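Visitor: Next up is a structure, given as structure tokens.
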Number of protein chains: 2
Amino acid sequence: MNIKTATTDFPINRILAERFSPYGFGVRPVAEADICSLFEAARWAASSYNEQPWRYIVATKADPREFARLLACLVEANQAWAEAAPVLALGVVSLKFAKNNEANRAAVHDLGLASGNLSAEATARGLSVHQMIGILPDKARDAYQIPEHFEAWTALAIGYKADPKIMPEAFKERDLTPRQRKPLNEFVFTGEWGKSSPLVLNRLA
Amino acid sequence: MNIKTATTDFPINRILAERFSPYGFGVRPVAEADICSLFEAARWAASSYNEQPWRYIVATKADPREFARLLACLVEANQAWAEAAPVLALGVVSLKFAKNNEANRAAVHDLGLASGNLSAEATARGLSVHQMIGILPDKARDAYQIPEHFEAWTALAIGYKADPKIMPEAFKERDLTPRQRKPLNEFVFTGEWGKSSPLVLNRLA
């Protein structure tokens, strides 16, 4: 079992348990058919009023000019490792409903649902996705002429994870450290804030 | 094939294709073991700086007082159908990083990642989830003493979907209408805003 596979307290589907955000990507390109299926998965996410507020701007290493343009929209610390990924994307969100121009409180949440679907599909295909909030939204707006009411919110590095043994020392450790999460009793409550739900407490060892 | 299964242009995993948001839930309760696995799936979502900004407040019909308290935090239009679900939850988000009290721009997005994982796990188990943005955050704050910097953002109705044939007329139609989404060329761009990515355009029929 991969060191990054979640050590779960309760069983979950493998495409959720095996997902993690690698810092190392191999040179192997992602087939266009796979790229299409990743965005197809995003497409079928739920959204408030079926608004589908997500948009993606995507670039692959096969088009070096576009890849460089997209990479430049990440903060430097993310550029350092994300430049190895064969595919980069920006997650852009429409902050208002198209039909009436009113604020969509669910918009950013629903971008998360779409990108989560994309990540799950990636895991199912042996691919990895590392999402970032560390981007330069204004730079993205200039680079792509992103209109008002839309905003670049996240970036996604997509590819096949590298073998940590051949990764740069600076990032290797991160891809060899087991994943950690709060246990359920710390975030699933019933009845009052901070009170662990008996539904989970009864079953935790 | 269920009428709600996505008609995809590119193949995706069945737990993503079969997910939809029912308006009708059957009376069958959800086993506690399943409830635990749903939140376990949420637990392993990605989040910015591994902040895990999500919290959930959960109630089941087995505890009528808690169920009523949670139901009252939904807008009336959602109460109308969600009261049939055997399990309700609020999705609550920490808007600031615990370590330094700074705003977490990814928080609401990452609640989406967690709830998306929960929904995928539900589909894998034959369960359905209908997420709502239509809730009463201030009422939830009062009801559960949700502290400052946290905010109830979504609700989730969880259960087994009802047979539309025996659903109230008011909701039946919605659960019998095929799902629709924008095609990929309308939201996956390359090079400039609004320009369909050749990566998807080349492969769309």
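Visitor: I'd like the full set of residues that are buried (at least 17 other Cβ atoms within 10 Å of the Cβ), among the hydrophobic types (A, V, I, L, M, F, W, C) and not in a loop (DSSP other than H, G, I, E, B), limited to the range A:167-195.
Guide: Listed by number, the residues that qualify are A:171, A:184, A:188, A:189.
Visitor: Does at least one position in the range A:2-14 carry a residue that is at the interface with chain B (Cβ under 9 Å from one of its Cβ atoms), under 20 Å from residue A:108 (Cβ atoms) and not aromatic (Phe, Trp, Tyr)? Please lay out each step first, then the result.
Guide: Narrowing the range A:2-14 to residues at the interface with chain B (Cβ under 9 Å from one of its Cβ atoms): A:6, A:8-13.
With the extra rule that they be under 20 Å from residue A:108 (Cβ atoms), the set shrinks to none.
Checking the range A:2-14: not a single residue is at the interface with chain B (Cβ under 9 Å from one of its Cβ atoms), under 20 Å from residue A:108 (Cβ atoms) and not aromatic (Phe, Trp, Tyr).
Visitor: Could you list, in sequence order, all residues of the range A:27-53 that are facing another protein chain (nearest Cβ under 7 Å), touching a strand residue (DSSP E or B) at 6+ places or on another chain (Cβ under 6 Å) and farther than 15 Å from residue A:91 by Cα?
Guide: Hit for the range A:27-53 is A:46, nothing else.
Visitor: On the basis of being aliphatic (A, V, I, L, M) and either more than 10 Å from chain B (Cβ to nearest Cβ) or out of contact with any strand residue (DSSP E or B) (no Cβ under 6 Å at 6 or more places or on another chain) (or both), does residue A:111 make the cut? Break it down stepwise before answering.
Guide: Numbers: aliphatic (A, V, I, L, M): yes; either more than 10 Å from chain B (Cβ to nearest Cβ) or out of contact with any strand residue (DSSP E or B) (no Cβ under 6 Å at 6 or more places or on another chain) (or both): no.
Judged against the criteria, residue A:111 is not a match.
Visitor: Which condition breaks for residue B:205 when tested against (1) assigned to a loop (DSSP other than H, G, I, E, B); (2) at pLDDT below 95; (3) touching a Phe, Trp or Tyr at 6+ places or on another chain (Cβ under 9 Å)?
Guide: Status for residue B:205: all satisfied but (3).
Visitor: Could you say whether any residue in the range A:10-27 is assigned to a loop (DSSP other than H, G, I, E, B), touching an Asp or Glu at 6+ places or on another chain (Cβ under 7 Å) and free of Cβ contacts under 8 Å to residues at least 24 places away in the same chain? Don't jump to the end; show me each part of the working.
Guide: Of the residues in the range A:10-27, the ones assigned to a loop (DSSP other than H, G, I, E, B) are A:10-13, A:18-24, A:26-27.
Now restrict to residues that are touching an Asp or Glu at 6+ places or on another chain (Cβ under 7 Å): A:10, A:12-13, A:22-24.
When the remaining residues are screened for being free of Cβ contacts under 8 Å to residues at least 24 places away in the same chain, the result is A:12-13.
Checking the range A:10-27: at least one residue is assigned to a loop (DSSP other than H, G, I, E, B), touching an Asp or Glu at 6+ places or on another chain (Cβ under 7 Å) and free of Cβ contacts under 8 Å to residues at least 24 places away in the same chain.
To keep it simple, each residue is scored yes or no on (1) surrounded by fewer than 22 Cβ atoms within 10 Å (Cβ to Cβ); (2) of a type in the set (A, V, I, L, M, F, W, C); (3) more than 11 Å from the chain's Cα centre (by Cα); (4) closer than 23 Å to residue B:195 by Cα.
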{"residue": "A:79", "(1), (2), (3), (4)": "yes, no, yes, no"}
{"residue": "A:97", "(1), (2), (3), (4)": "yes, yes, yes, yes"}
{"residue": "A:137", "(1), (2), (3), (4)": "yes, no, yes, yes"}
{"residue": "A:146", "(1), (2), (3), (4)": "no, yes, yes, yes"}
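Visitor: Given the criterion touching a residue at least 40 places away in the same chain (Cβ under 8 Å) and within 16 Å of residue A:21 (Cα to Cα), identify the matching residue among A:152, A:114, A:140, A:84.
Guide: Among A:152, A:114, A:140, A:84, only A:84 is touching a residue at least 40 places away in the same chain (Cβ under 8 Å) and within 16 Å of residue A:21 (Cα to Cα).
Visitor: Okay, moving on. Restricting the range A:147-205 to residues that are within 10 Å of chain B (Cβ to nearest Cβ) and of a type in the set (Lys, Arg), which is farthest from residue A:125 (Cα to Cα)?
Guide: A:195
Here is a yes/no grid of residues against (1) touching a Lys or Arg at 6+ places or on another chain (Cβ under 7 Å); (2) surrounded by fewer than 24 Cβ atoms within 10 Å (Cβ to Cβ):
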site: B:16; (1), (2): no, no
site: B:51; (1), (2): no, yes
site: B:54; (1), (2): no, no
site: B:70; (1), (2): no, no
site: B:83; (1), (2): no, yes
site: B:92; (1), (2): yes, no
site: B:105; (1), (2): no, yes
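Yes/no matrix, rows are residues, columns are (1) out of contact with any helix residue (DSSP H, G or I) (no Cβ under 6 Å at 6 or more places or on another chain); (2) among the hydroxyl-bearing types (Ser, Thr, Tyr); (3) closer than 30 Å to residue B:89 by Cβ:
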| site | (1), (2), (3) |
| --- | --- |
| B:138 | yes, no, yes |
| B:143 | no, no, yes |
| B:148 | yes, no, yes |
| B:159 | yes, no, yes |
| B:163 | yes, no, yes |
| B:172 | no, no, yes |
| B:203 | no, no, no |
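Visitor: Looking at the range A:31-80, which of its residues are part of a loop (DSSP other than H, G, I, E, B) and not charged (D, E, K, R)? It would help to see each step written out before you state the result.
Guide: Quick first cut of the range A:31-80, residues part of a loop (DSSP other than H, G, I, E, B) only: A:31, A:44-47, A:51-53, A:61-63, A:72-73, A:75.
If the condition is that a residue be part of a loop (DSSP other than H, G, I, E, B) and not charged (D, E, K, R), then A:31, A:44, A:45, A:46, A:47, A:52, A:53, A:62, A:72, A:73, A:75 are the ones that fit.
Visitor: Scan the range B:116-135 and tell me whether some residue there is surrounded by fewer than 23 Cβ atoms within 10 Å (Cβ to Cβ), more than 18 Å from the chain's Cα centre (by Cα) and among the basic types (Lys, Arg).
Guide: No, there is no match, as no residue in the range B:116-135 is surrounded by fewer than 23 Cβ atoms within 10 Å (Cβ to Cβ), more than 18 Å from the chain's Cα centre (by Cα) and among the basic types (Lys, Arg).
Visitor: Can you spot a residue in the range B:58-80 that is within 7 Å of chain A (Cβ to nearest Cβ), out of contact with any helix residue (DSSP H, G or I) (no Cβ under 8 Å at 6 or more places or on another chain) and either among the acidic types (Asp, Glu) or without any contact (Cβ under 8 Å) to a residue 12 or more places away in the chain (or both)?
Guide: yes
The values are calculated or read from the model by the stated rules, or taken from the named source; none is laboratory data. This one's a predicted model, so the numbers in the text were calculated from it and none came from an experiment. Neighbour counts run over all protein chains shown; Cβ positions are idealised from the backbone, glycine included.
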